[in-house]
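Here's the structure, in structure tokens; my notes come after.
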Amino acid sequence: MDNCIFCKIIKGELPSEKVYQDEEIIAFVDIKPQAPVHILVIPKKHIDGADTLPAEDAGLTGRLVIAAARIAEQFHLSGGYRIVTNIGKDGGQTVRHLHFHLLGGEKLKDSY
Ligand code: DGP
């Protein structure tokens, strides 16, 4: 997707602090961290969000969550952490490229 910030990060056209990469997933530090550890875990394939996830990519979603859990181990988040995906304007999604936020490193505030 030409105008997608995350596609540009994937292509190396924009810099990022990568913490994980495989053939279909990359993860990098969020530019506006909301917690001591705030990583974005995203598919290399452009998908707008969980609302438009094609049925054939159901397995990819699971692999994104598994990658997030492995990164949580890498960052020693043994006390727990949060994995969140925002959808659409009302859901707080500002970048229309599917991503999971991995948040941790402290007792996280309650939110809904
Ligand atoms: P959301 O609001 O759920 O769509 O989350 C988008 C996140 O992406 C937000 O926490 C800030 C982050 N972000 C936006 N642009 C960039 C960027 O260029 N680099 C990095 N590392 N993060 C970005």
Here is a list of conditions, (1) within 10 Å of the ligand (Cβ to nearest atom); (2) not in a helix (DSSP H, G or I), and ILE9 meets all of them except one; can you say which number that is?
-> (2)
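Check whether at least one residue in the stretch 19-30 is part of a loop (DSSP other than H, G, I, E, B) and within 12 Å of the chain's Cα centre (by Cα), and report yes or no. Please lay out each step first, then the result.
Restricting attention to the stretch 19-30, the residues satisfying the condition of being part of a loop (DSSP other than H, G, I, E, B) are 22-24, 30.
Narrowing the set further to residues that are within 12 Å of the chain's Cα centre (by Cα) leaves 30.
Yes, some residue in the stretch 19-30 is part of a loop (DSSP other than H, G, I, E, B) and within 12 Å of the chain's Cα centre (by Cα).
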Kindly indicate whether any position in the stretch 79-87 is within 14 Å of the ligand (Cβ to nearest atom), in a loop (DSSP other than H, G, I, E, B) and touching a residue at least 40 places away in the same chain (Cβ under 8 Å).
-> no
Could you list, in sequence order, all residues of the stretch 6-37 that are over 24 Å from LYS107 (Cβ atoms), surrounded by 17 or more Cβ atoms within 10 Å (Cβ to Cβ) and not aromatic (Phe, Trp, Tyr)?
-> CYS7, ILE9, ILE10, SER16, ILE25, ILE26
Residue within the stretch 90-98 that is near the ligand (Cβ under 9 Å from one of its atoms) and in contact with a helix residue (DSSP H, G or I) (Cβ under 7 Å, 6 or more places away or on another chain) present = yes
Listed by first then second residue, the pairs whose first member lies in the stretch 7-25 and is under 24 Å from GLY59 (Cα atoms), whose partner is surrounded by fewer than 16 Cβ atoms within 10 Å (Cβ to Cβ) and among the β-branched types (Val, Ile, Thr), with beta carbons under 8 Å and at least 6 positions apart or on separate chains, are VAL19/VAL29
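Each reported figure results from applying straightforward, stated rules to the coordinates on display, with no laboratory input. Being a predicted model, the structure only gives us computed values, none of them experimental. With ideal geometry, Cβ positions are generated from the backbone for all residues, glycine too; neighbour counts draw on all protein chains shown.
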